[in-house]
Amino acid sequence: MQNCEATQTPEVDIPALRAKYLAERDKRLRPEGGEQYREADGQFAEYYEGDPHQPVQPREAIDEDIEVVILGGGFAGLIAAHRLLKQDVSDFRIIELGGDFGGVWYWNRYPGIQIDSDAYCYLPLLEETGYIPSEKYTHGDECYEHAQRIGKQFGLYEKAIFHTLIRGLEWDDTIARWRITTNRGDDIRARFIVMCQGPYNRPKLPGIPGITDFQGHMFHTARWDYEYTGGTLHGGLDKLADKRVAVIGTGASGVQVIPHLGRDAQHLTVFQRTPSYIFERGDVATDPEWAAGLQPGWRAARQRNFHNAAFAFYSPGEPDLICDAWTEVSRNMARKLDETNGWAALADPLKFMELKEIEDYRAMQRVRNRVDAIVEDSATAEALKPYYRHLCKRPCFSDEYLPTYNRPNVTLVDVSEEKGVERITEKGVVAGGVEYEVDCIIFASGFEITTALERQFDIKPFAGRGGKSLYEHWGQGARTLHGIMSHGFPNHFATGYVQGGVTAATTLIFEQQADHIAYIIGAAQRQGIKVLEPTQEAEDGWVATIRANAIDNSEFVETCTPGYYNAEGAPNGRGFLGDPFWGGFYVLEELLQAWRDTGTLEGLAQTK
């Protein structure tokens, strides 16, 4: 909540580390890319469609016409609803697969769940609701409660349809509406569609041979089974005291659950292909005096400061308000520029990148040194060291993860040489030719983030004008106007990482998109416009703008260890950021505002 000092980082041999990074990447590359993961279908359909948190209540099928349907009740959907209300658009529904609002925070309730970025930047609508997070990195239950708070404060529960899965979306030209079909037999006809269902709610599973053969208990972290483990998301998994547990996956979810499993299970075996980098958590409770002194606009200023550290750079004398692993490299570089009076380097992009690369390698060596200082067994410590660049993977924060491997009941199995677990049997997991017998397997294998769009959305058919498939239209890369609308898909809006802006605070991206979407829908209603869509020329123009502002980060991405940030290392794979506008998040904000200020809806074909 205040400025912080730079970290002390060691000197490094960058050429040697660069070679080491490439070698570590190469031994983990798999030719299947994202296809190495299997969908949560068939025997595993409950991992996606089932709800372990509350039973599905029977209801009559809905048959209705409505102006707007928002797909998804997570933070993106809640923000979109809030912005529609600000535009005096109130005839809308929110359709959500879960039993309540929250999205990722409804589904993910595994022990230890906590956000990994600054809560004051991440949690949306803080000033609008008058809420201040209780700590810097809020736990999952507080995030879920905040989603409920937004729903209650803005009257969104009356507009919500829960426990409902979208099966099909088809534009019907005869009625100028989208026909929505669901797993509940609904036939909903919406004039406008706003897609806010991110892929983070759809679990994926490792495509390990024999995964259906295991005779013990299995579940995914996103569908945690407390009936089996006991406890709550704050721990106390007392039912595991006589259980041998395996965890497959050591990304953000795995890092958070493993300390609890190591504490409570009879024995825990962790199967790791790629180690995460583990930074100090350093969580602190919110200072009431600081909170009381906040002035209107404080959150936007903090988000901009976060953006500067992650995607731009600090101005001379600008403090680091975030002060964590996300901002460490920029913070350390700013200190060096202060010490050497070298701020002129910012004017030279090549020199700037050279200086930042040095601080990147030094910060990552500090993280590896931290492993040696904590983990007692040298072989285990070496296996836990991350050899890749900062932001090749999502930073993880924990003060308990590394010490867990000092427990006598915890075994780390490094499967990097085999590029993953060999197979699963009736009794357990095989790696390196050794079978590890276990009672329970927990998959911490992530979500459908960079796999094919058909897998992410799981909506079939998804057809615009003339039966045109969105999957085909975006098959060779997204084609949009402003990242939200596409030619051939009238009255259809998308949110997320498509062709829009990118900044460090994810929910701010949703806010920028929702402002633009709600303005267009509000303007259409005020002007009596029934149908609008980008012209081919407007879409082509925006694609050209995206390309003109593109940055060549292919070398950085391709040298990263495989993961969802770089589409599992697949050549030309679609990373999780998609094809964004790299001209600057706040540059895009000014561009969109200028477009709105004309009031003409330029580039949109309109039918009244």
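Quick notes on this structure:
- Index of the failed condition, Ala309 passing every other in (1) open to solvent by 10 Å² or more (accessible area, probe 1.4 Å); (2) closer than 12 Å to Ala505 by Cα; (3) modelled with pLDDT under 90; (4) of a type in the set (Gly, Ala, Ser): (1)
- Condition check for Ala334: touching a Phe, Trp or Tyr at 6+ places or on another chain (Cβ under 6 Å), of a type in the set (Gly, Ala, Ser), touching a residue at least 24 places away in the same chain (Cβ under 8 Å) and within 29 Å of Ile509 (Cβ to Cβ): yes
- Considering Arg149, Arg202, the condition of being closer than 30 Å to Gln303 by Cβ and touching an Asp or Glu at 6+ places or on another chain (Cβ under 6 Å) is satisfied by Arg202 alone.
- Every condition in (1) out of contact with any helix residue (DSSP H, G or I) (no Cβ under 6 Å at 6 or more places or on another chain); (2) farther than 16 Å from Thr503 by Cα holds for Asn308 except the one numbered (2).
- Residue match in region 239-254 (condition: out of contact with any Lys or Arg (no Cβ under 6 Å at 6 or more places or on another chain), without any contact (Cβ under 8 Å) to a residue 60 or more places away in the chain, assigned to a loop (DSSP other than H, G, I, E, B) and among the acidic types (Asp, Glu)): yes
- Filter pass, Asp91 being surrounded by fewer than 19 Cβ atoms within 10 Å (Cβ to Cβ) and free of Cβ contacts under 8 Å to residues at least 60 places away in the same chain: yes
- Under the condition of being out of contact with any helix residue (DSSP H, G or I) (no Cβ under 6 Å at 6 or more places or on another chain), at pLDDT 95 or above and of a type outside the set (S, T, N, Q), the residues counted in region 495-514 number 1.
- Selected residue (criterion: most open to solvent (accessible area, probe 1.4 Å)) from residues of region 153-174 that are closer than 18 Å to His492 by Cα and under 27 Å from the mean Cα position of the chain (by Cα): Arg167
- Residue within region 450-461 that is at negative phi, touching a Pro at 6+ places or on another chain (Cβ under 7 Å) and surrounded by fewer than 19 Cβ atoms within 10 Å (Cβ to Cβ) present: no
- So Glu539, is it in contact with a strand residue (DSSP E or B) (Cβ under 7 Å, 6 or more places away or on another chain) and in contact (Cβ under 8 Å) with a residue 60 or more places away in the chain: yes
- Checked against the criterion of being out of contact with any Phe, Trp or Tyr (no Cβ under 6 Å at 6 or more places or on another chain) and among the aliphatic types (A, V, I, L, M), the candidates Val410, Val421 yield just one match: Val410.
For every residue, the table says whether it meets (1) in contact with a strand residue (DSSP E or B) (Cβ under 6 Å, 6 or more places away or on another chain); (2) hydroxyl-bearing (Ser, Thr, Tyr); (3) open to solvent by less than 30 Å² (accessible area, probe 1.4 Å).
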site	(1), (2), (3)
Phe271	yes, no, yes
Ile278	yes, no, yes
Val284	no, no, no
Pro288	no, no, no
Pro296	no, no, no
Arg299	no, no, yes
Arg302	no, no, yes
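- Scanning region 202-219 for residues that are part of a strand (DSSP E or B) and at pLDDT below 95 gives Pro203, Lys204, Leu205, Pro206.
- Tyr47, sole failed condition from (1) assigned to a helix (DSSP H, G or I); (2) out of contact with any Leu (no Cβ under 9 Å at 6 or more places or on another chain); (3) over 19 Å from Ala383 (Cβ atoms); (4) open to solvent by less than 60 Å² (accessible area, probe 1.4 Å): (2)
- Just so you know, in region 422-446 the residues that are outside any strand (DSSP E or B) and more than 29 Å from the chain's Cα centre (by Cα) include one that is surrounded by the most Cβ atoms within 10 Å (Cβ to Cβ), and it is Val438.
- Residue check, Arg59 open to solvent by 10 Å² or more (accessible area, probe 1.4 Å) and either without any contact (Cβ under 8 Å) to a residue 24 or more places away in the chain or under 25 Å from Ser276 (Cβ atoms) (or both): no
- Sole exception among (1) touching a residue at least 40 places away in the same chain (Cβ under 8 Å); (2) among the β-branched types (Val, Ile, Thr); (3) in contact with a strand residue (DSSP E or B) (Cβ under 6 Å, 6 or more places away or on another chain) for Thr380, by number: (1)
- Options Ile180, Ile150: the member that is in a helix (DSSP H, G or I) and surrounded by 22 or more Cβ atoms within 10 Å (Cβ to Cβ): Ile150
- Residue match in region 161-181 (condition: among the hydrophobic types (A, V, I, L, M, F, W, C), modelled with pLDDT of 95 or more and more than 30 Å from Lys468 (Cβ to Cβ)): yes
- Filter pass, Pro52 being without any contact (Cβ under 8 Å) to a residue 60 or more places away in the chain, open to solvent by 40 Å² or more (accessible area, probe 1.4 Å) and not aromatic (Phe, Trp, Tyr): no
- Subset of region 8-32 (residues that are assigned to a loop (DSSP other than H, G, I, E, B), at pLDDT 95 or above and in contact with a helix residue (DSSP H, G or I) (Cβ under 6 Å, 6 or more places away or on another chain)): Thr9, Pro10, Val12
For (1) closer than 22 Å to Ser276 by Cα; (2) of a type outside the set (Phe, Trp, Tyr); (3) in contact with a His (Cβ under 9 Å, 6 or more places away or on another chain), each residue gets a yes or a no:
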site: Ala523; (1), (2), (3): no, yes, no
site: Glu533; (1), (2), (3): no, yes, yes
site: Ala538; (1), (2), (3): no, yes, yes
site: Ile546; (1), (2), (3): no, yes, no
site: Asn553; (1), (2), (3): yes, yes, no
site: Tyr565; (1), (2), (3): yes, no, no
site: Leu588; (1), (2), (3): no, yes, yes
site: Leu591; (1), (2), (3): no, yes, yes
site: Thr598; (1), (2), (3): no, yes, no
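- Options Gly33, Gly42; residue that is among the small types (Gly, Ala, Ser), on the phi > 0 side of the Ramachandran plot and loosely packed, with under 13 Cβ neighbours inside 10 Å: Gly42
- Test result for Pro403, surrounded by fewer than 20 Cβ atoms within 10 Å (Cβ to Cβ) and in a helix (DSSP H, G or I): yes
- Summed over region 104-116, the residues that are at pLDDT 95 or above and part of a loop (DSSP other than H, G, I, E, B) give a count of 7.
The values are calculated or read from the model by the stated rules, or taken from the named source; none is laboratory data. Please read these numbers as outputs of a predicted model, since none were measured by experiment. No Cβ is skipped: glycine too gets one built from the backbone with ideal geometry, and neighbour counts run over all protein chains shown. Only protein heavy atoms, including side chains, enter the accessible area calculation; ligands, DNA and RNA are left aside. Shrake-Rupley method; radii C 1.70, N 1.55, O 1.52, S 1.80 Å.
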